[in-house]
Structure formats: C-alpha cells, structure tokens
Amino acid sequence: MPEKRLLLKILIVIILVVLGAVGYVVLRRGIIVPAPSPYDKVFQSQPQPVTVGPVIDEMVKGEKTIEPSGGTIKMKRGGQTITLEIPDGSLFSPEDVTVQAIKSINNLPEGARFIAGAKLEPDGLGLVKPATLTIQLPSSSVQDNLVAFAYERDGTSFHFLPSFGDGNVIEIPMTGFSGGGVIDIPGLIPIINPGTPEQTAKQLLADVLRRAGRKQQRELKRGEEKDIDPRLLQEARGILNTWYRVGVKADLKVAEKDDARVDGAVKQMLVWRAQVQLFGLDANFDKEFEESLTSAAKGVKHGVSQSGKRCVNQKDPKQVAALLRWLRMTQLLGLAGRAGLSELEIAEKAQKCVVFTIHMDSKVVVPSLGNLKTTAVLDGTLALSDDFTRFEGKGRVEEGPFSYSTGGGGRCQQVAVSYGFSVVDTKFNINWHKKAQAKVELILSLEGVGVEAPMSCTGGVTVNIPAPWGEDYFPGLHQDELIDKEGNEYWIRKWQIVGSKQVYAQKVYKRTIEGVTEETTFILKHTPRE
C-alpha cells in the first residue's frame, strides 16, 4: 500500500508538471486555475509609449446631450458609418457629447494602415459602463487584419483594444473618451508596454481576440463559451490576473489613503471587470471582485471625509462634484455597507457643502425723468435640491425708496417695497471629466410685477403706482435674458468665478442703454454648513 500511494503522488506531480508546461494547473469545479502569468515581464518592462498624429475631419461631426439613461450618435463619412452608443447607467449626469470623424493618422506603427475612427469629446470623460463605437465599412473591405486602437489627449498613449468583428462591422468597447478606431496591420500585434497596466492588458487581450478569430469572437460576445479554445481563455485569465495584481489592486490600495486617486482607480477596476465579463471568466475572479469592491469603498469613504473637510475649511464648493460622483458610484456599484461606507453620510455632506448666499445691489438712473433714481437689494440662500440635480433658492428683494424731480422745485418719493424671488433649474455636472470647469448660470424669477406702493409728490398728492425697478427697469434693461415673460424669469449667465472665501462668483452690469444707466452686481458667497 505505501508503494501505491508513493506511485500515485509521483503520477500527480508528473501530471501537474506537464499541465504547467502548457500553461494550465487544474480545473477545480469548472474554474480555470492559472499558472504564473508569462506576461508579468511585459507589465513590468520599461514603458514604450507611442504618440500618433490624428487628423480630424471637421466636416463630419455629431453632437448631442446624452442623459444618464443613455443615447446614440451616428454619422457617415464616405462609405463608412460610425456610431457611438452609450448605454443606460454609463454617465452620472447629462453630458454634451461630440463625435468627430478621423480623416487620417500620422506616425502609426510600421506597416499599419488607417481605416476609420472617431474622436470622442469631452476628452477624458469616464464611463461607468463601456460605450460601443461601431464602425461599418463598405462590404468589400477586407477584415482579417483589422485591429482596434485608442489614444488619449490628441494622440498620446496609443494602444490596441479588444474588439469584435462580424462581416464588415467592427464593434469596439470604449471605457472612456479619447480617440478610437481600426487600422489594418498585416503582421502580429506588437507586444509592448504602452505605459499603464490597463493599456498593456488591453493590448494583450486584443491579440488574444485576434487569434481567436471572428467565429469565436462572435461566440464570446453572445456569451457562448462552449466552443472557445480553452488555451485562449487560459491566456486571457493570466493577463487579467496579472493586470489585477499590478494595476487594479495596487491602485485601489493607494486610493484608500489618497482621494485624488479614487476616480482613476475605480475607473480602472470597472474596465478590468468589463474585460473579465467579456471573456466569460466571472467565476474565476469572485474573490478579486469582492476584494476590489471593499477596497473601492475604503477609498470612497476616505475621499468623502476629505472632500467634506475641504468644502467647509477651504470654502471649495467644487468638492460637491466629487461627493455626488461618489454617491452615484456607491449606489451603482453597491458599495454601501462595505468598510462602513454610508449613502446617507455622503448625501448629507453634499447637502451641507453646496450652500450659497446670493446678494445683489442695483441702482438705475434715468436722467430724462427728472434724474430719477431707483435702487434694489436682493438677498437669499441657494442649496441643492433633494435629488441633487440642481440649485434651489429663494429670498427677498427690497426695492426703493426712490425719488425724482418734477421740475420747478417739485419732487415725488415712493416708499420702499419688499417681495420675493426664487432661483430655478441650475444644474450640476458630476461626470468624470478632465476639462470640467466651474460654471454658474442662474435662472432668477422675480415676483415684483404688479407690486404697488404709495408715492407722494409736492402739493400733497399721493397715489399707488407699481414699484419701478422690478416692474419697468430691470425687465427693460434685461430683455436679452428674459426667458419667461409671464414668470418674469431671467437667465443670468457668464458669471465670473472669483473663487475666494469672500466671493465665489459675481456678475456685474455697468452700462448705459438709451440714456438709462445701470449698475447692478450679483454676488454668490459660499457658506457651507458644518
């Protein structure tokens, strides 16, 4: 019996050695268990970033505001049709998206030929779920040697991408906005390190998919794994495992203590998960999925704490963009309850962060009416709506008193009046966006139309007449900003972002129109709550 057990152990060792030599260990409950990845050296090699020179076709462009529920932009260039499809749940809030056709690309790898592509803007926009860039070529186009690519910031970090081909249609999953498309490259895809673990992994996975062939690509896309070459799945498993260790996990760990790294780390995690699901290898990464979500929750929790402090101590209202983004991230990824992360806590910090006081001083002088002078002061508070999508605010306008000369030494004077105002429909943008800038555009609704006050003139005459600033002069001077006459609503745009603790933004009117002089200053002051 001891001899039989020894022979059995030797046999098992021999089987494991043989399987390990071809890249396998064993299948346990249907799950591929990887051998050490042969790609570790590629990930750890000296980066060899490639910069290309895309030439944009300014005449072929599609523009559209895409809501969080998703949307599609389609355009044609010659015999090609380019479609960008953004699925429901990809964006945190509405975004103005532009798709421009690429005419040609300079400095491509030797032997490569540009076929088709598009530049996606805003550059750097991150997506929770991958968008699909679909390129339909003329039916006569040769497909065997086509490879998808992407680049960042006008041509930097060029790298290859996994894609799917079916006839003359190529579908490219886009995990963020930059440039992308397809090229013809007759030789093998170069195995290089473009600069980041994500780019390196995508490039390696693109090579795996290319070798799989169109039939297996279609089966993978449909989730049919029964006919997929197990050696290719094993290779993809090794790449994804290495990517997780050297990129995803490492970046998430750093982000647990550095909130500036949270968005990038979570974005990479989402991209990695999308590739795992693409190859149908979810069951192989259950442990990594759980580990990465917990690490992401730790990073978000730390980031929420830091943003809340900056908002209050540094009077930085832009921190609300991060807070609301992390709130949506927590909801979409199911992070609540992990590492003590609470949706309610994030929401409360966001509500306390975005509180402003609004103040306005206005003086209007009309020389032709006896040098009439009228003044108004506006004060109120603005805060986030309960659904975190817009500003809501209200307050009071104090108008007058005002007086003017009737000639011959006579004067008339009207007493001060008070009425309300409200602010409506000021929206926030909380998407991942490298070029996102602070912007203030308020819709101000004045309730002064029809408000009357007694006016007394020399000689004892007293009459009730409308208060002039809100009834006549502000409406008359701001006709180009009037968007709703019935509601007396004005779109106050193009504020100057000052960014100081005393003044966050201001809008100044100092002008003379048809002899009427106006000096009006709106001021927003950031007043977060502890």
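Built from the Cα atoms of the chain, the convex hull projects on average onto 32.7 nm², one quarter of its surface area. Roll a 1.4 Å probe over the protein chains and send me the accessible area per residue for segment 212-297 in Å². Accessible surface, normalised per residue, equals 41 Å². Measuring nothing but protein heavy atoms, the accessible surface of segment 326-402 at 1.4 Å probe radius is 53 percent carbon and sulfur. Rolling a 1.4 Å probe over the heavy atoms of the protein chains gives segment 95-159 an accessible area of 39 Å² per residue.
According to the calculation over all Cα-Cα pairs in segment 41-200, the P(r) per 10 Å bin from zero is 11, 41, 36, 12, 1 %. Average 1/r across all pairs of distinct alpha carbons in segment 108-252, invert it, and you get the Kirkwood radius: 15.8 Å.
What a 1.4 Å probe finds exposed on segment 147-216 is 57% carbon and sulfur by accessible area, rounded to a whole percent.
Of the peptides 256-264, 292-300, the order by per-residue mean of other Cβ atoms within 10 Å, starting with the highest, comes out as 292-300, 256-264. Between 0 and 90 degrees, the angle of helix 197-221 with respect to the longest Cα principal axis of the chain falls at about 70 degrees. As a fraction of the 1.4 Å probe accessible area of segment 407-530, surface on carbon and sulfur atoms comes out at 48 percent.
Pairs over the 20 Å Cα-Cα cut-off, from the set Lys257/Lys301; Lys439/Lys501; Lys249/Lys349: Lys249/Lys349. What Kirkwood radius, in Å to one decimal, follows from the Cα pairs of segment 193-247? Across segment 193-247, the inverse of the average 1/r is 11.7 Å.
Residue ranges 411-421, 83-93 sort as 83-93, 411-421 when ordered by packing (mean number of other C-beta atoms within 10 Å per residue, highest first). Across segment 359-409, Cα-Cα pairs more than 17 Å apart make up 55 percent of the total. Roughly what percent of Cα-Cα pairs across segment 292-353 reach past 20 Å? Of all Cα-Cα distances in segment 292-353, 18 percent exceed 20 Å. Assuming R0 = 25 Å, can you tell me the calculated FRET efficiency for the pair Asp361 and Asp386, based on Cβ-Cβ distance, to the nearest 0.05? Efficiency at R0 = 25 Å is approximately 0.20.
Using per-residue counts of other Cβ atoms within 10 Å, averaged over each peptide, order 349-356, 65-72 from highest down.
Ranked from most to least packed, the peptides come out as 349-356, 65-72.
With the alpha-carbon atoms of segment 258-321 aligned to their principal axes, the span from lowest to highest coordinate is 47, 17, 14 Å, starting with the largest. Taking the Cα atoms only, what angle lies between the long axis of helix 2-21 and the longest principal axis of the chain, rounded to 10 degrees? Here the helix axis deviates by roughly 60 degrees.
Shown here is the pair-distance distribution of segment 388-513: with all Cα-Cα distances grouped in 5 Å bins from zero up to the longest one, the shares run 2, 9, 14, 17, 17, 14, 10, 7, 5, 3, 1, 1, 1, 0 percent. Shape analysis of segment 201-292 based on the Cα gyration tensor places the equivalent ellipsoid semi-axes at 27, 12, 11 Å, largest first. Using a probe of 1.4 angstrom and keeping all protein chains present, the accessible surface of segment 478-530 works out to 63 square angstrom per residue. For segment 325-369, the pair-distance distribution built from all alpha carbon pairs, in bins 5 Å wide starting at 0, is 5, 16, 19, 11, 7, 6, 6, 5, 5, 5, 5, 4, 3, 2 percent. Counted over all Cα-Cα pairs of segment 107-161, pairs farther apart than 17 Å make up 46 percent. Computed over the chain, relative contact order equals 10 percent, with contacts defined as Cα pairs under 8 Å that lie 6+ residues apart.
The values are calculated or read from the model by the stated rules, or taken from the named source; none is laboratory data. Worth saying up front: this structure is predicted, and the values here are computed from it rather than measured. Every residue, glycine as well, gets a Cβ built from its backbone with ideal geometry; the counts of neighbours run over all protein chains shown. Just so you know, the surface numbers come from the protein's heavy atoms only, side chains and all, with ligands and any DNA or RNA stripped out. Shrake-Rupley method; radii C 1.70, N 1.55, O 1.52, S 1.80 Å.
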